[in-house]
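In what follows, a single structure is set out as structure tokens and then discussed.
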Amino acid sequence: MTDTALESLYAYPEGRTWVTANFVSSVDGAVSVDGRSAGLGSPADKQIFSLGRHLADVVLVGAGTVLIEGYRPSKRLPIAVVTARGTLTPDLPLFTDDSVRPIVITCAAAQLPDLPADVIVAGESEVDLKAAVAQLAARGLHKINLEGGPRLFGSMVADGLVDSLNLTVAPLLTVGDSSRIAHGAVIPPVDLALASALKADDVLLLRYQRRNSS
């Protein structure tokens, strides 16, 4: 497909707040190889990853993923990091660049160091994700690209906040003890509709939408 056709296919709906999760997994469901998602990547996956950022207003990601994957700031849109434990430090690559100022989403109980970021306090002892999404929307950041990790994704699903999922299936069997793309408390299954399926060599690029999202 052309870049224009891909942008049209993966575009966010207008006029509302929408959360799209972007993940890659192996055929047997692993979310990482040797602890990082890069081992599952491919040119097609990288294209969809970049497209997700191009179409979004903000990237939403958990602090653990920022630390493991070595996140750096974006030149175009803010990266919003969720942390309830104050594990972020100002010397991280995310905070040592003069690109778009990051956002840190935390709770009142967290003891954060002084960070070069805009801070959103949502919740008391834990991060209130519904309030966090509402505060991002209040800043005009309605198109939210959720990049992980599995625990944040699981919590967002449990709170009914994920509208769609872009899932790349890498043609690998990894076995091991890697996490699934979503992790957390047991909840009733969320019904999804397949919105599109593309193939790039042996890689599957799947788009799902929650059935009650419109």
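The values are calculated or read from the model by the stated rules, or taken from the named source; none is laboratory data. Just so we're clear, the structure is a prediction, and the values are computed from it rather than from any experiment. Calculation scope for accessible area: heavy atoms of the full protein, side chains included, ligands and nucleic acids excluded. Shrake-Rupley method; radii C 1.70, N 1.55, O 1.52, S 1.80 Å.
The string of couplings for the range 168-181 from the Karplus curve (6.51, -1.76, 1.60, θ = phi - 60°) is 9, 9, 7, x, 9, 10, 9, 6, x, 10, 4, 5, 7, 5 Hz, one whole number per residue in order, with x for Gly and Pro. Between the alpha-carbon centres of the range 131-148 and the range 47-70 there is a gap of 13 Å.
Checking the Cα-Cα distances for Lys46/Lys143; Lys75/Lys199; Lys46/Lys75 against a 25 Å cut-off, the pairs over it are Lys75/Lys199. Diffusion coefficient (Stokes-Einstein, Kirkwood radius over C-alpha pairs, 25 °C, 0.890 mPa s) for the range 145-214: 183 µm²/s, rounded to a whole number. Relative contact order, whole percent, for the chain stands at 27, derived from Cα pairs under 8 Å and 6 or more residues apart. Looking at the chain, the accessible area is 51 square angstrom per residue; that uses a 1.4 Å probe and ignores ligands, DNA and RNA.
Using a 1.4 Å probe on the protein heavy atoms, what percent of the accessible area of the chain belongs to carbon and sulfur?
Ligands and nucleic acids excluded, carbon and sulfur give 53 percent.
Once the mean of 1/r is taken over each pair of separate Cα atoms and inverted, the range 104-158 shows a Kirkwood hydrodynamic radius of 12.1 Å. A compact globular protein would have a Cα radius of gyration near 2.2 N^0.38 Å; the ratio found for the chain is 0.98. For the pair the range 87-116 / the range 163-214, the C-alpha centres are spaced 30 Å from each other.
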